[in-house]
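Structure first, commentary second.
Readers should treat all values here as calculations from the given coordinates under stated rules, not as data from a laboratory. Bear in mind the structure is a predicted one, so any value in this text is a computation, not a measurement. Here the Cβ positions follow ideal geometry from the backbone for every residue, glycine too, while neighbour counts run over all protein chains shown.
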């Protein structure tokens, strides 16, 4: 289960790094991207830390945080595609 959390975090991190490389690197853009990354990563980190308990609520929380994280990854990747098409 921990491998799923790690892979999801890596995809989330990669999508936000792509956004940073495709935009102008001003301090405002970097801070905004970092804050959005932390907002997206926090539920998954909390669910991963609470994964040690074996209760039905733990699995539900992990599933919901994975869905939330993958939605953010999808939105970030769509934003990257828009930025790529805009620069060409």
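If you rank 3, 65 by fewest surrounding Cβ atoms within 10 Å, what's the result? Could the numbers behind the result be given before it?
Details: 3 7, 65 21.
Ascending number of Cβ neighbours within 10 Å: 3, 65.
How long, wide and thick is the chain, going by the Cα atoms along their three principal axes, in whole angstroms, largest first?
Its Cα atoms span 49, 23, 16 Å along the three principal axes.
With the calculation restricted to Cα positions, what are the radius of gyration and Dmax of the stretch 1-49 in angstrom?
12.0, 37
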